[in-house]
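**Student:** Here it is, the structure, as structure tokens.
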Amino acid sequence: MWLWFHKLSSPPYAYRTAGLVRPWLFWPAILLMIVGAIGGLVLAPEDYQQKDAFRIIYVHVPSASLSLMIYTVMAVAAGVGMIWRIKLAHAVAAACAPIGAWFTVATLVTGSIYGKPMWGTWWEWDPRLTSELILLFLYLGYMALRASFDDTQRADRASAILAIVGVVNVPIVKYSVVWWNSLHQGPSISKLAAPSIEGSMLWPLLIMMLAFILYFGAVLCDRLRGEILRRERNASWLSESLA
Amino acid sequence: MLAQVAATSPQPQLEARAVHLWRGEKHLLRGVSFALYSGELLQVVGPNGVGKTSLLRCVAGLLPTESGEIVWQGQQLPEGRDEFHRELAYLAHVNGLKAELTALENLRFGVSVRRAVTTEELRETLQLLHVEACADLPVRALSAGQKRRVALARIMLTRASLWILDEPITNLDKAGIALFEARIAEHMRTGGMILTAAHQLLLQGQPGVRTLELR
Amino acid sequence: MQSSVQTTPGLGKILMLVLARDLRLAVRHWDQVLQPLIFFVIVTTLFPLAISPALDELRKISPGVLWVAAMLASLLALESLFRPDVEDGTMEQWVLSGQPLSLLLLAKTLTHWLLTGLPLVLMAPIVGTALGMPQSVWPVLAATLALGTGSLSVLGAIGAALTVSVRRGSVLLALLVLPLEMPVLIFGARAVDLAMHGEPVAGPLNLLAALLLFFVSLGPFAMAAAMRISVES
């Protein structure tokens with residue numbers, strides 16, 4: 001009885017909730033982004049070594065953390081969907097993938113823009129960038145597998161297995177790439193890491209981080225609504241709410 | 001008290017309760033229910049595309065049900081799935097035989113995964129279905145009807161109590177059908193159960209033989 | 001009912017059964033078994049042609065060449081790992097056999113390794129010599145391939161189980177499996193490279209062994225879950 005109720009009620013409920021929550025994530029995200037941008041691009045002092053080039057970390061670092069975080073969210077949602085057979089969790093996982101892939105692309109692009117003045121090349125086989133690239137492959141594989149099934153339910157479960165296998169592999173990839181790179185140079189060479197950073201440089205970064213997370217939440221709400229609409233296109237609640 | 005009830009009204013061994021199934025956009029099974037008791041043959045009938053195969057695959061546990069329950073000996077699947085599968089012999093449209101292996105090799109592997117079996121036993125069963133001459137030929141070389149008979153031999157050898165057979169008599173000639181009906185009757189007499197999807201009804205009018213019509 | 005007391009075979013027995021069946025099938029299809037190995041040799045031949053016949057240059061890239069070629073050969077053989085069984089209905093019978101599907105699939109994966117991984121291990125030193133690899137590296141090369149191709153077989157089998165019901169799934173399979181296999185490539189190829197420079201290789205070899213153990217112990221469950229979805233179609 002509970003299952004029946006739960007199954008029947010949750011897509012419309014989730015659809016409405018996502019719609020209600022979305023502005024509360026989106027507008028603060030924009031606001032924080034503006035504050036963070038001013039803080040990072042105007043107020044923060046120039047780096048004594050890297051000059052103004054370092055300022056790209058205000059986009060690069062949050063994107064990088066988000067790309068990894070979203071993969072984890074995706075895998076957890078997929079796992080929840082598998083174990084408790086919750087369709088909504090699968091919808092969340094499906095909605096996560098393209099967002100995560102875009103953040104990964106953003107990380108790679110900003111990383112390579114940053115590399116030009118720093119290393120003199122557009123691409124450096126830096127361990128962070130390399131593992132981001134592999135992460136992008138993992139996202140692409142996930143989306144390709146999902147797209148290759150006609151049946152949404154089978155796509156959900158097959159891609160969930162891949163997401164779980166992938167998330168188990170992420171630390172292994174990370175570690176192997178760092179090890180691989182350390183054979184050529186010291187592991188601390190990666191300049192994109194900001195181990196010691198001054199306060200006036202740090203607070204805009206933290207603000208940007210928060211802004212990006214909220215922004216992810218807002219986009220997730222949007223995509224989730226789209227995903228629910230696609231999955232429930234034949235459901236009665238939808239035609240009723242449209243009529 | 002409970003035991004008394006069980007003794008007077010036998011419990012169904014296999015039960016489907018309000019099984020719903022969608023295939024893509026199509027709502028294929030709309031609340032199908034049935035009960036199967038020891039010694040019964042239930043034949044699922046209906047036009048092509050009505051979901052006979054899907055129902056059989058649902059019951060066998062190959063397809064997850066959208067809603068509804070499949071209950072085996074009082075336990076709702078997938079709880080106790082492995083025990084259920086050990087009591088189940090399933091025959092699909094495809095025979096599940098390797099074309100490169102001989103009939104005997106196919107049977108030996110197919111049965112040994114479940115229980116120990118001797119070559120004599122395998123040959124005897126092939127003889128029951130009049131395909132003993134095919135024993136040492138690669139399955140590739142057999143006719144469609146002979147392949148079906150070998151596949152049915154595997155079902156018999158499995159010693160499962162429940163047979164789920166999807167159009168078992170496809171490609172069988174008259175003699176083959178008669179042989180097979182005799183095996184089914186034998187299985188029912190020893191308390192076995194059979195669930196089939198069929199266009200042509202078997203053992204019509206015999207006790208314990210029922211049909212389930214899908215629309 | 002005849003079936004109430006039935007002794008089911010033990011897990012070791014089942015492993016041997018599957019192994020015996022698949023090896024017998026391989027013998028009757030020996031031409032198909034050879035194909036990935038020929039592919040391996042051809043791919044390694046491409047590099048001297050594309051880069052330079054100078055052994056000095058080839059020696060530098062030989063660990064990478066051998067490892068990439070081994071990865072691709074292993075991938076190529078995956079296509080036929082589960083597909084024939086799924087198409088002729090034998091896989092369905094396995095799913096319904098009441099035996100642990102993960103074990104049955106692990107046994108099949110082991111056959112895949114015996115038929116592609118092991119021959120690669122044996123052939124790699126010969127091909128390596130043609131690329132200027134010194135004899136002293138042979139043991140390390142064989143060890144990395146032996147450990148590494150095992151991991152490749154398991155990861156590949158997960159991908160194969162996921163894509164077996166997808167039509168024209170071989171490109172998709174490569175897309176799914178290759179990124180997951182990259183750590184194995186890194187440790188394998190780098191260990192051979194280190195050995196060529198006379199440096200200790202215990203570290204990466206241990207890591208390869210750890211990865212193999214990890215994948216063999218968890219991989220079969222992912223394979224079984226994926227296969228149950230694939231036989232639904």
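Since every read-out is calculated from the coordinates, none of them should be taken as a lab result. Everything numeric here is computed off the predicted structure, so don't read it as measured data. Please note: Cβ atoms are built from the backbone with ideal geometry, for glycine as well, and neighbour counts cover all protein chains shown.
**Student:** Which lysines have a Cα lying under 17 Å from the Cα of B:Lys26, excluding residues fewer than 8 positions away in the same chain?
**Tutor:** Hits, sequence-local ones excluded: B:Lys52.
**Student:** Just rank C:Ser230, A:Ser65, fewest to most, by other beta-carbon atoms within 10 angstrom.
**Tutor:** Values: C:Ser230 22, A:Ser65 15.
So the residues, fewest neighbours to most, are A:Ser65, C:Ser230.
**Student:** Build a GNM of chain C with springs between Cα atoms under 10 Å: which of C:Thr149, C:Thr90, C:Thr109 gets the top mean-square fluctuation?
**Tutor:** In this elastic network of chain C, the residue with the biggest mean-square fluctuation among C:Thr149, C:Thr90, C:Thr109 is C:Thr90.
**Student:** If you don't mind, there's one more thing I want to ask. At q = 0.11, 0.12 Å⁻¹, what log₁₀ I(q)/I(0) does the protein assembly as shown have when each alpha carbon counts as one equal point scatterer in the Debye sum?
**Tutor:** -1.18, -1.30
**Student:** Where a Cα-Cα gap under 14 Å defines reach, which aspartates and glutamates qualify for C:Lys60, not counting those fewer than 8 residues away within the same chain?
**Tutor:** Cα-Cα hits under 14 Å: C:Asp193.
**Student:** Something else about it: With a 10 Å Cβ neighbour count serving as the proxy for reagent exposure, in which order, fewest first, do A:Trp179, A:Trp123 appear? If you can, show how the numbers build up before the last one.
**Tutor:** On the way: A:Trp179 18, A:Trp123 14.
Taking fewest neighbouring Cβ atoms as first place, the list is A:Trp123, A:Trp179.
**Student:** Let me ask something additional. Only loop residues by DSSP count here, and only those with at most 11 other Cβ atoms within 10 Å; note down the trypsin sites (Lys or Arg not before Pro) in region C:114-221 that meet that. Don't skip to the answer; put the middle values down first.
**Tutor:** Working: sites: C:Arg167, C:Arg168, C:Arg190; in loops: C:Arg167, C:Arg168.
Qualifying residues, ordered by number: C:Arg167, C:Arg168.
**Student:** Which listed residue (C:Leu180, C:Gly148, A:Val73) has the Cα farthest towards the positive end of the charge dipole for the protein assembly as shown, taking +1 on Lys and Arg C-beta and -1 on Asp and Glu C-beta about the Cα centre?
**Tutor:** The one lying farthest along the dipole's positive direction is A:Val73.
**Student:** How big is region C:11-230 along each principal axis, measuring the range of its Cα positions in Å and listing the largest first?
**Tutor:** 56, 33, 29
**Student:** Return a whole-number percent for the relative contact order of chain A, with Cα pairs under 8 Å and 6 or more residues apart as the contact set. List each step's numbers first, then the result.
**Tutor:** Details: 262 pairs, mean separation 89.7, N = 243.
Relative contact order comes out at 37 percent.
**Student:** For region C:140-205 and region B:65-82, write down the distance between their C-alpha centroids in whole Å.
**Tutor:** 40 Å
**Student:** Now for a different question. What does the helix-only formula give at 222 nm for chain C: each DSSP H stretch with n ≥ 4 adding -39500 (n - 2.57), the total divided by the residues, and the result rounded to the nearest 500 deg cm²/dmol? The partial results should precede the final answer.
**Tutor:** On the way: 9 runs with 185 residues, N = 233.
Rounded to the nearest 500, it is -27500 deg cm²/dmol.
**Student:** Treating the Cα atoms of chain A as identical point scatterers in vacuum, please give the log10 of the normalised Debye intensity I(q)/I(0) at q = 0.15 Å⁻¹, two decimals.
**Tutor:** Treating every Cα as an identical point scatterer, log10 I(q)/I(0) equals -1.07.
**Student:** Mind checking which lysines have their C-alpha under 26 Å from A:Lys116, skipping anything on the same chain fewer than 8 residues away?
**Tutor:** Hits, sequence-local ones excluded: A:Lys51, A:Lys174, A:Lys191.
**Student:** Placing one identical point scatterer on every Cα of region B:76-147 and ignoring solvent, what is log10 I(q)/I(0) from the Debye formula at q = 0.19, 0.23, 0.25 Å⁻¹?
**Tutor:** -0.82, -1.08, -1.21
**Student:** Turning to a different aspect of this structure: Would you compute, from DSSP H runs of 4+ residues alone, the mean residue ellipticity of chain B at 222 nm, taking -39500 (n - 2.57) per run and dividing by the full residue count, rounded to the nearest 500?
**Tutor:** Details: 7 runs with 72 residues, N = 215.
The helix contribution divided over chain B gives -10000 deg cm²/dmol.
**Student:** If exposed trypsin sites (Lys or Arg not before Pro) are those in a DSSP loop with at most 16 other Cβ within 10 Å, what is the longest stretch of chain A that has none?
**Tutor:** With a cap of 16 other Cβ atoms within 10 Å, the longest stretch comes to A:86-232.
**Student:** Using a Gaussian network model on chain A with a 10 Å cutoff between Cα atoms, which of A:Ser63, A:Ser131, A:Ser200 fluctuates the most?
**Tutor:** The residue that fluctuates most here is A:Ser200.
**Student:** Turning to a different aspect of this structure: Using helices alone, I'd like the mean residue ellipticity at 222 nm for chain A: each DSSP H run of four-plus residues gives -39500 (n - 2.57), total over residue count, nearest 500. Kindly include the intermediate steps, with their values, before the conclusion.
**Tutor:** Numbers: 7 runs with 190 residues, N = 243.
Calculated at 222 nm, the ellipticity per residue is -28000 deg cm²/dmol.
**Student:** Also, I was wondering about something else. Place a +1 charge on the Cβ of each Lys and Arg in region A:112-187 and a -1 charge on the Cβ of each Asp and Glu, then give the dipole magnitude about the Cα centre in debye, rounded to the nearest 20.
**Tutor:** Working: 6 positive and 6 negative charges, 19 e Å.
It works out to roughly 100 debye.
**Student:** Projected onto the charge dipole of region A:200-243 (+1 at Lys/Arg Cβ, -1 at Asp/Glu Cβ, origin at the Cα centre), which of A:Val219, A:Asn234, A:Pro204 gives the Cα projection farthest towards the positive end?
**Tutor:** Selected residue: A:Asn234.
**Student:** In debye to the nearest 20, how big a dipole does region B:97-159 give about its Cα centre with +1 on each Lys and Arg Cβ and -1 on each Asp and Glu Cβ? Kindly include the intermediate steps, with their values, before the conclusion.
**Tutor:** On the way: 11 positive and 7 negative charges, 69 e Å.
Dipole size: approximately 320 debye.
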